[in-house]
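Taking it in order: structure first as structure tokens, then the write-up.
The values are calculated or read from the model by the stated rules, or taken from the named source; none is laboratory data. These figures come from a predicted structure and were not determined experimentally. No Cβ is skipped: glycine too gets one built from the backbone with ideal geometry, and neighbour counts run over all protein chains shown. Side chains included, ligands, DNA and RNA excluded: accessible areas come from the protein's heavy atoms. Shrake-Rupley method; radii C 1.70, N 1.55, O 1.52, S 1.80 Å.
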Amino acid sequence: MAVSKFAYVKSFEQPDSLLPNTYIVVRVDGHAFHRLSQDHQFIRPNDDRALQLMDHAAKDVMKEFTDIVMAFGESDEYSFLFRKTSTAHKRRHAKILSIVTSTFTSSYAFHWSKYLPNTPLQYPPTFDARVVLYPSAKEIRDYFSWRQSDTHVNNLYNTIFWALVQQAGETTSRAHEILKGTVSKQKNEMLYSRFGINYNDLPLRYRKGTTLVREKATSENTLDGREKPSSEVVVLHCDIIKDEFWDGRRHLLE
Ligand code: ATP
Ligand code: ATP
Ligand code: MG
Ligand code: MG
Ligand code: MG
Ligand code: MG
Ligand code: MG
């Protein structure tokens, strides 16, 4: 049968290429993970196993897209930064967004049992995602500072909240009540005086989230002597707000 009679429907597909020469950020976030984390008994306030599963899924995304130079993860979300000159999938919005999201989601489900071996998945986990374009390095710095500040604010709140519930025996609604209107300083003091917890002693993973960086490609010699470019993804839990992180990694924003 001739296809030509029907093929005109293809022309209804709209071009959706992302503005050239701008930084592409894709952020995925677990859909209804408040419920998923309850249904699967995540450890509060921070379940390491679930965080490491997120990191694994993010590394799989970075294997699929070699133009992703950096990623930052906390809680049920991950942000991916594409270098601004990337031409991955001809910069088609739908292609990039859908492949990042489905690679991440599918890897998360595929590797679940390695990280939570005694907790069978009860239903398929899903993630939402968005693409945001940023014109300059300043906005990229500010974007990642925004996400890492969020990590800090949430972790401080969750740490004191769960100490009140798990150690002081408060109900969750009482704990919310106690914390209402408190500023960081008061939360830090309450953590120390009531629970002997020094916030700065908590694991860096919880306080700073996870940063994945593709270190600059270096040439390495293969066994037969040919040179092959290689780049490695490094896992960090460090400050990405101050200059130090960026000063040593100019290639991330080139
Ligand atoms: P939405 O679908 O709008 O994103 P959500 O229920 O996923 O809603 P979020 O604001 O994204 O809400 O928050 C995710 C929630 O998942 C956190 O508040 C926390 O309760 C839980 N969570 C995610 N990862 C972990 C983890 N590693 N350890 C403990 N709890 C986690
Ligand atoms: P892209 O990533 O751009 O979608 P693609 O290689 O997946 O590239 P498609 O145009 O989506 O290309 O085509 C999918 C191809 O997969 C089909 O052309 C066909 O060769 C193969 N395929 C998919 N499903 C089946 C099936 N049920 N039986 C046999 N072949 C299949
Ligand atoms: Mg969300
Ligand atoms: Mg979520
Ligand atoms: Mg979230
Ligand atoms: Mg296909
Ligand atoms: Mg197809």
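Worth pointing out:
- Members of the range 89-116 found to be of a type in the set (S, T, N, Q) and open to solvent by 40 Å² or more (accessible area, probe 1.4 Å), listed by number: Ser98, Ser102, Ser106, Ser113
- Residue match in the range 65-88 (condition: within 16 Å of ligand 1 (Cβ to nearest atom), open to solvent by 70 Å² or more (accessible area, probe 1.4 Å) and within 30 Å of Leu156 (Cβ to Cβ)): yes
- Flag if Asp55 is more than 16 Å from ligand 4 (Cβ to nearest atom), within 17 Å of Leu212 (Cα to Cα) and touching a Gly at 6+ places or on another chain (Cβ under 8 Å): yes
- No other residue among Val28, Val61 is part of a strand (DSSP E or B) and modelled with pLDDT of 95 or more apart from Val28.
- Contact map, the range 20-38: residues that are more than 16 Å from ligand 3 (Cβ to nearest atom) paired with residues that are hydroxyl-bearing (Ser, Thr, Tyr) and open to solvent by 10 Å² or more (accessible area, probe 1.4 Å), Cβ distance under 7 Å, separation 6+ or inter-chain. Pairs shown: Asn21/Thr85; Thr22/Tyr134; Tyr23/Tyr134.
- Within the range 29-44, tally of residues that are open to solvent by less than 60 Å² (accessible area, probe 1.4 Å) and within 14 Å of ligand 5 (Cβ to nearest atom): 7
- Enumeration of residues in the range 237-253 that are outside any helix (DSSP H, G or I) and under 10 Å from Met70 (Cβ atoms): Ile240, Arg249
- Conditions (1) in contact (Cβ under 8 Å) with a residue 60 or more places away in the chain; (2) in contact with a strand residue (DSSP E or B) (Cβ under 8 Å, 6 or more places away or on another chain); (3) assigned to a helix (DSSP H, G or I): number failed by Tyr108: (1)
- In the range 117-175, the residues that are within 16 Å of ligand 5 (Cβ to nearest atom), part of a strand (DSSP E or B) and either loosely packed, with under 14 Cβ neighbours inside 10 Å or more than 14 Å from the chain's Cα centre (by Cα) (or both): Asp128, Arg130, Val132
- Residue count for the range 111-164 satisfying the condition of being in contact (Cβ under 8 Å) with a residue 24 or more places away in the chain, under 30 Å from Glu254 (Cα atoms) and within 16 Å of ligand 3 (Cβ to nearest atom): 9.
- Among residues of the range 218-236 being open to solvent by less than 70 Å² (accessible area, probe 1.4 Å) and in a loop (DSSP other than H, G, I, E, B), the one that is modelled with the highest pLDDT is Ser231.
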